[in-house]
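Please read the structure below before turning to the comments.
The values are calculated or read from the model by the stated rules, or taken from the named source; none is laboratory data. All of these numbers come straight from a predicted model, not from anything done at the bench. Cβ sites come from the backbone with ideal geometry, for glycine too, and all protein chains shown count toward neighbours.
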2 protein chains.
Amino acid sequence: MDWKNTMTRLGYRISEPRKKIMEVLEGAEVALSPQQIHQQLEHKGFDIGLVSVYRTLDLLTSLELVTVVYDPERNPGYVLSSTGHHHHIICQKCHKAMEFSGTDDIEELIHRVEAETSFQVRDHLLQLFGICPECLNTLNDRGDK
Amino acid sequence: MDWKNTMTRLGYRISEPRKKIMEVLEGAEVALSPQQIHQQLEHKGFDIGLVSVYRTLDLLTSLELVTVVYDPERNPGYVLSSTGHHHHIICQKCHKAMEFSGTDDIEELIHRVEAETSFQVRDHLLQLFGICPECLNTLNDRGDK
DNA sequence: TTCCTTATTGAAAAAGTTTATCAATAAGCA
DNA sequence: TGCTTATTGATAAACTTTTTCAATAAGGAA
């Protein structure tokens with residue numbers, strides 16, 4: 001419900017397409033590509049242009065309401081960003097994306113790298129990849145590695 | 001010189017296009033997109049198909065001889081990966097990419113996240129963004145922020 | 001509520017990126 | 001030097017993203 005306040009406060013309108021797209025993102029635990037979002041909207045009977053999906057995602061990303069997730073085997077995906085930290089762990093099997101906290105841990109690393117490289121660090125991208133608990137279970141059941 | 005050994009050992013051939021592409025990567029301190037690499041080759045008078053650039057980069061990446069770098073404002077870029085760690089810090093001004101060491105630091109974080117999320121972590125993507133020393137200088141000279 | 005302004009959308013097209021196919025070429029071993 | 005086959009280049013297709021602009025609708029003002 002909060003994204004509406006944010007957008008209104010900044011002078012953006014709460015349009016029907018934007019609402020629908022946010023609903024999809026809110027219902028997803030996987031990072032979705034623009035195409036995937038568009039398809040889900042179609043299935044639900046909402047005829048929203050793919051172009052609007054792109055535009056809306058760009059806007060939401062710039063407002064930090066959603067976060068881009070990079071999955072080497074897929075197209076860039078978009079997930080809702082909850083407040084504060086913006087790190088995700090992504091399942092390599094089912095591609096589920098889950099947030100984890102951990103800004104503190106990186107501070108130390110950042111300071112060290114700043115000392116080492118003389119860069120002034122302003123942002124960072126941290127993602128973990130692995131197998132989620134559910135997929136671990138199905139793997140074990142089947143005896144796969 | 002070492003990438004040749006690696007490729008030969010694995011049964012890949014050292015072709016002219018591959019040599020030229022590696023030369024470009026070795027001479028770059030910025031992460032380059034396939035298109036940029038292709039253009040540099042053209043300027044140098046080497047008529048290598050863009051398709052081959054894609055194929056070669058895919059191969060080099062799979063062999064971990066080069067690393068993909070994500071820059072939110074650009075297309076994915078490719079940089080030579082030196083041995084061991086594969087993390088980069090990227091200048092938001094000139095887009096220079098520099099490696100930094102730091103696999104150890106993340107171990108702790110990974111263990112914590114594994115405990116928190118029950119994921120089995122298998123890989124990670126860590127990149128820092130900031131301003132490189134050279135760009136910091138020019139910024140200071142100009143009095144920009 | 002109704003009207004008005006203008007941000008937002010949709011459609012169509014263009015631009016750009018990546019992948020697939022296959023005959024021609026050349027790398028590297030015998 | 002010749003042979004085998006991985007690799008390349010050209011072409012085309014598939015796919016993704018951006019641009020443009022008239023039509024629509026969000027939301028403040030009356």
(message) Take B:K4 and tell me if it is over 17 Å from B:A97 (Cα atoms) and more than 20 Å from the chain's Cα centre (by Cα).
(response) no
(request) Find all pairs meeting these conditions: Cβ atoms under 9 angstrom apart; at least six residues apart or on different chains; first residue within the range B:99-111 and at pLDDT below 85; second residue among the small types (G, A, S). (result) B:S101/B:G84; B:T103/B:G84
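Listed here are the residues, each with its yes/no results for (1) among the basic types (K, R); (2) modelled with pLDDT under 95; (3) in contact with a Lys or Arg (Cβ under 9 Å, 6 or more places away or on another chain).
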position	(1), (2), (3)
A:L10	no, no, no
A:E23	no, no, yes
A:D71	no, yes, no
A:T83	no, yes, no
A:Q92	no, yes, yes
(message) What pairs come out if I take residues in the range A:1-22 that are over 16 Å from A:T67 (Cα atoms) and within 14 Å of chain B (Cβ to nearest Cβ) and pair them with residues that are within 11 Å of DNA strand D (Cβ to nearest atom) and in a loop (DSSP other than H, G, I, E, B) whose C-beta lies under 9 Å away, six or more apart or interchain?
(response) none
(message) Suppose we filter A:L65, A:L109 for residues that are closer than 21 Å to B:L125 by Cβ and touching a helix residue (DSSP H, G or I) at 6+ places or on another chain (Cβ under 6 Å); which single one remains?
(response) A:L109
(request) Could you please give the count of residues in the range A:45-63 that are of a type outside the set (G, A, S) and without any contact (Cβ under 8 Å) to a residue 12 or more places away in the chain? (result) 4
(request) Residues that are within 9 Å of chain A (Cβ to nearest Cβ): find the strands (runs of 3 or more DSSP E) completely inside the range B:37-145 holding 2 or more of those. (result) B:87-91, B:97-100, B:120-131
(request) Test B:G27 against the stated conditions and say whether it is without any contact (Cβ under 8 Å) to a residue 12 or more places away in the chain, within 13 Å of DNA strand C (Cβ to nearest atom) and more than 14 Å from chain A (Cβ to nearest Cβ). (result) no
(request) Working only within the range B:1-17, note down all residues that are more than 19 Å from B:S82 (Cβ to Cβ) and either assigned to a helix (DSSP H, G or I) or away from DNA strand D (no atom under 12 Å from the Cβ) (or both). (result) B:T8, B:E16, B:P17
